[in-house]
Amino acid sequence: MAAQYSQQYAFRAQKSLGLVSGSPDYAAVPGFESPDVAARTYVYSADGRLYAYALSTVVRIFQAEGAQLLQELTLPNIVELDFSPRGTYLSTWERHTKLEDGSQHKNLRVFSVSTGEELISFTQKAQDGWQIQYTISESHAIRLVSSEVQVFRPSEWSKGIVDKLKVEGATSVALSPGLNPSVAVFVAEKKGAPASIKVYGLLTLTGAPTCQKTFFKADRAQIKWNTLGTQVLLLTQTEVDNSNKSYYGETGLYLLSAAGNFDCRVTLDKEGPIHDFAWSPNSKEFGVVYGYMPAKTMLFDQRVRSLHDFGPGPHNFISFNPQGRLILIAGFGNLAGKMTLYDRRTLTKASSIDAPNTSHCEWSPDGRFIMTATLSPRLRVDNGIKVWHCSGPLVHVQLTEELYQTSWKPANVDSVPQFPPQLPPAPTPSDSVAAYEATQQKKSAAAGTIGGGEKKVGAYRPPGARGLATPAIFKREDEGGLPTSYGGSSNPGSGANTPTRYRGGTPVPGAPGYGPNGSHQGQGQGQRRHVPGAPPPSNGNNNNNGQGGEGAKKKRKPKKDGAPASASAPAEGEEADAAPAPQSKRAGKKNANANANATAGGSGSVTPVAGGSSSPFPIVEDAGADVGDSGVPPTPGVDGLDAAAKKARNLNKKLKAIEELKEKQKRGERLEATQLRKIEGEAEIRKELAGLQVA
């Protein structure tokens with residue numbers, strides 16, 4: 001059986017539909033013809049024996065190996081397809097519509113794969129949960145209808161319902177695998193009544209539940225049985241988080257035994273939502289990814305005892321390979337797409353893969369390969385399929401525009417080659433990988449990136465911070481950053497860890513450091529504030545250094561036609577630099593009052609703002625403050641340096657930045673082209689600095 005295994009996968013795009021054989025050539029399956037019109041969906045049977053797709057007017061069923069056509073059903077507007085576990089029956093679903101004669105639209109139908117005959121039909125309005133659930137032997141089938149679990153015998157569809165269970169308020173149901181199947185029924189919280197989950201034996205539905213648990217904060221749930229069907233995990237979620245800490249609501253995880261001998265809540269030691277959880281194929285352990293980013297990943301046994309902590313990281317996805325030998329932990333969606341593989345035997349890191357923009361991830365049935373895909377409409381650019389070996393290398397690439405769906409052909413674990421004790425070597429990559437890498441190098445060269453490959457995307461950094469090492473206080477804990485408790489703050493997000501930045505210049509009046517003993521003092525007695533764009537202050541008697549006296553009195557030139565003197569008129573012997581702007585009567589009165597107050601002088605006098613502004617908030621001089629006759633500190637940035645000194649200061653800043661870039665280069669970090677050009681210009685900068693001859 002192992003020799004007959006093929007790594008086939010299928011894909012569906014807007015303009016194409018196909019079957020692709022696996023390693024090493026990844027060629028199209030011979031004999032399969034892609035339809036001329038777009039397909040709406042496709043599906044494999046659980047055993048991988050059958051393949052079917054739906055077009056707008058027809059459904060075709062093929063043998064997966066060899067693509068031999070078995071049945072063609074004339075069924076228009078089919079949206080969903082589903083095989084029974086052994087491929088005996090095919091269920092189809094189309095959107096519910098109102099019929100003209102007023103009868104019920106039977107939009108869920110079941111067909112025999114061997115004969116194409118319609119066996120039974122139902123009315124199923126909602127698309128969510130439309131599938132009929134079968135036992136692994138196909139002896140029974142169930143579906144949930146208006147809080148009632150209905151049981152059928154597929155071998156006798158014509159007899160209709162053979163058993164049923166009424167559970168008031170039931171919103172979802174899950175049938176377990178295994179030889180002794182059970183039914184898990186979830187009831188959502190409603191009108192103050194708690195939510196609950198109840199487990200019944202399929203053959204004893206009329207009896208009491210074998211296990212049940214009630215809890216609050218559960219508007220909907222996700223149910224996952226282990227492979228043996230002996231235990232079930234229940235992920236509950238609310239629509240709204242009352243604590244306003246999560247946009248997606250509050251989550252909880254519960255474990256129940258089908259036999260009723262064990263049930264508990266899975267206690268997690270980090271606050272935040274549960275991102276993902278998965279059972280191991282051995283049915284004895286499960287993994288959970290939980291907590292605010294960086295999320296934590298923990299491995300538990302069947303009694304909810306923690307086995308291993310994988311540490312924090314940007315993760316929201318976990319999956320075991322079908323043999324349970326490797327554990328894949330990754331971060332997709334709005335995360336960077338980094339995948340880390342761990343060996344379950346040693347719990348050590350086996351490999352890591354960067355797969356950005358991944359919207360679908362799946363293990364191959366033999367557990368050696370990982371398929372990642374970028375699908376529409378999640379992302380409409382760079383759509384395609386990538387196949388990675390579990391040791392890390394990329395072995396196949398298929399770029400397809402508007403790719404909607406892709407998956408491996410299923411296979412029984414017993415029919416695939418046994419996973420070796422050591423990590424198997426990677427096969428030779430297909431020709432598509434070399435072509436893809438060449439294309440990426442051309443794109444990188446056009447974008448100005450260094451080293452080929454995809455341009456590394458990271459957090460945005462302002463131009464002034466590029467090329468510098470990230471301070472530890474801004475890093476995550478898993479990247480060597482400080483712990484969230486650093487700084488003594490009970491709230492890590494309170495801003496207590498943010499360092500204070502020095503911005504230079506003169507303190508703003510009223511801020512710390514401003515005043516007689518502040519840092520703005522010592523600039524020299526008589527130094528006046530200089531407003532950019534205004535004429536320089538006169539060096540004559542008009543500058544009285546803040547002292548009262550004869551020099552402080554300015555004679556005003558009367559206006560023509562006997563008009564009163566304006567506060568903005570120049571003194572005798574001075575020429576007006578610009579014509580004054582026209583003022584309203586109210587503005588003129590304010591200026592006149594300000595000038596009248598200005599002539600008073602003395603301690604605590606009110607001084608108008610330089611330039612004759614009619615500001616309603618005059619500045620009050622302090623008798624002990626020696627800041628010039630205007631009472632206003634100098635403008636920030638005017639430090640009195642000449643042009644040569646300023647240029648030398650700027651050149652020294654550039655040299656300091658170059659030294660930081662060189663340190664970064666020594667650590668092996670990748671630099672951008674602009675940063676490398678800066679390093680190359682170091683000699684020229686030093687030569688220019690030496691020519692300035694600044695002390």
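The values are calculated or read from the model by the stated rules, or taken from the named source; none is laboratory data. Quantities reported herein were computed from a predicted structural model and do not represent experimental measurements. Don't worry about glycine lacking a Cβ; one is built from the backbone with ideal geometry, like all the others, and counts go over all protein chains shown. Quick note on the areas: whole protein, heavy atoms, side chains included, nothing else; ligands and nucleic acids left out. Shrake-Rupley method; radii C 1.70, N 1.55, O 1.52, S 1.80 Å.
Observations
- Restricting attention to segment 373-390, the residues that are touching an Asp or Glu at 6+ places or on another chain (Cβ under 8 Å) and either hydroxyl-bearing (Ser, Thr, Tyr) or surrounded by fewer than 16 Cβ atoms within 10 Å (Cβ to Cβ) (or both) add up to 3.
- Filter pass, Val173 being out of contact with any Ser or Thr (no Cβ under 6 Å at 6 or more places or on another chain) and open to solvent by 30 Å² or more (accessible area, probe 1.4 Å): no
- Scan segment 45-61 for residues that are open to solvent by less than 20 Å² (accessible area, probe 1.4 Å) and either part of a loop (DSSP other than H, G, I, E, B) or not small (Gly, Ala, Ser) (or both) and the total you get is 9.
- In the set (1) touching a Ser or Thr at 6+ places or on another chain (Cβ under 8 Å); (2) farther than 29 Å from Gln418 by Cα, Pro377 fails one condition alone, (1).
- Exclusive hit being touching a strand residue (DSSP E or B) at 6+ places or on another chain (Cβ under 9 Å), open to solvent by less than 10 Å² (accessible area, probe 1.4 Å) and closer than 27 Å to Val416 by Cβ, set Phe286, Phe317, Phe332: Phe286
- Residues of segment 79-134 that turn out to be hydrophobic (A, V, I, L, M, F, W, C) and closer than 20 Å to Ser146 by Cβ, as a count: 8
So that you can scan it fast, the table gives a plain yes or no per residue for (1) free of Cβ contacts under 8 Å to residues at least 40 places away in the same chain; (2) in contact with a Gly (Cβ under 7 Å, 6 or more places away or on another chain); (3) of a type in the set (Asp, Glu):
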{"residue": "Ile274", "(1), (2), (3)": "yes, no, no"}
{"residue": "Ser280", "(1), (2), (3)": "no, yes, no"}
{"residue": "Ser283", "(1), (2), (3)": "no, no, no"}
{"residue": "Thr297", "(1), (2), (3)": "yes, yes, no"}
{"residue": "Gln302", "(1), (2), (3)": "no, no, no"}
{"residue": "Arg305", "(1), (2), (3)": "yes, no, no"}
{"residue": "Pro312", "(1), (2), (3)": "no, no, no"}
{"residue": "His315", "(1), (2), (3)": "no, yes, no"}
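- Selection count, segment 675-695, where residues are in a helix (DSSP H, G or I), open to solvent by less than 90 Å² (accessible area, probe 1.4 Å) and free of Cβ contacts under 8 Å to residues at least 40 places away in the same chain: 7
- Taken over segment 72-96, the criterion of being under 11 Å from Val43 (Cβ atoms) and not in a strand (DSSP E or B) is satisfied by Gly87 alone.
- Evaluation of Ala435 against (1) in a loop (DSSP other than H, G, I, E, B); (2) more than 25 Å from Ile327 (Cα to Cα); (3) over 28 Å from the mean Cα position of the chain (by Cα) (one fails), failing number: (1)
- No other residue among Asp414, Asp366 is more than 20 Å from Glu437 (Cβ to Cβ), exposed (fewer than 15 other Cβ atoms within 10 Å of the Cβ) and among the acidic types (Asp, Glu) apart from Asp414.
- Among residues of segment 246-270 being surrounded by fewer than 19 Cβ atoms within 10 Å (Cβ to Cβ) and closer than 16 Å to Ile223 by Cβ, the one that is nearest to the chain's Cα centre (by Cα) is Arg265.
- Residues in segment 223-245 that are of a type in the set (S, T, N, Q) and closer than 17 Å to Leu268 by Cβ were compared, and the one that is surrounded by the most Cβ atoms within 10 Å (Cβ to Cβ) is Thr236.
- Scanning segment 408-432 for residues that are closer than 30 Å to Leu347 by Cα, assigned to a helix (DSSP H, G or I) and either of a type outside the set (Gly, Ala, Ser) or within 30 Å of the chain's Cα centre (by Cα) (or both) turns up Val413, Asp414.
- The set of residues from segment 159-170 being surrounded by 14 or more Cβ atoms within 10 Å (Cβ to Cβ) and closer than 15 Å to Gln212 by Cβ comprises Leu165, Val167, Gly169, Ala170.
- Residues of segment 12-41 that are over 17 Å from Ala411 (Cα atoms), in contact (Cβ under 8 Å) with a residue 12 or more places away in the chain and outside any loop (DSSP other than H, G, I, E, B): Arg12, Ala13, Leu17, Gly18, Thr41.
- Test for Gly22: is it of a type outside the set (Asp, Glu) and either buried (at least 20 other Cβ atoms within 10 Å of the Cβ) or on the phi < 0 side of the Ramachandran plot (or both): yes
- Number of the condition not met by Ser158 [criteria: (1) touching a residue at least 40 places away in the same chain (Cβ under 8 Å); (2) in a helix (DSSP H, G or I); (3) among the polar types (S, T, N, Q)]: (1)
- Tally of residues being surrounded by 17 or more Cβ atoms within 10 Å (Cβ to Cβ) and farther than 28 Å from Ala27 by Cβ across segment 76-85: 4
- Subset of segment 125-137 (residues that are open to solvent by 20 Å² or more (accessible area, probe 1.4 Å) and not in a strand (DSSP E or B)): Lys125, Ala126, Gln127, Asp128, Gly129, Gln131, Ile136, Ser137
- Those strands (runs of 3 or more DSSP E) of segment 185-292 in which 1 or more residues are more than 30 Å from Leu341 (Cα to Cα) occupy 195-201, 211-215, 220-225, 263-265.
- From the list Leu69, Leu99, the one residue that fits, being at pLDDT below 95 and part of a loop (DSSP other than H, G, I, E, B), is Leu99.
- Residue selected from segment 452-477 under the condition more than 20 Å from Ile679 (Cβ to Cβ) and loosely packed, with under 12 Cβ neighbours inside 10 Å, by the criterion modelled with the lowest pLDDT: Val457
- Condition broken by Thr297, with the remaining ones in (1) open to solvent by less than 30 Å² (accessible area, probe 1.4 Å); (2) over 26 Å from Gly337 (Cβ atoms); (3) within 29 Å of the chain's Cα centre (by Cα) satisfied: (2)
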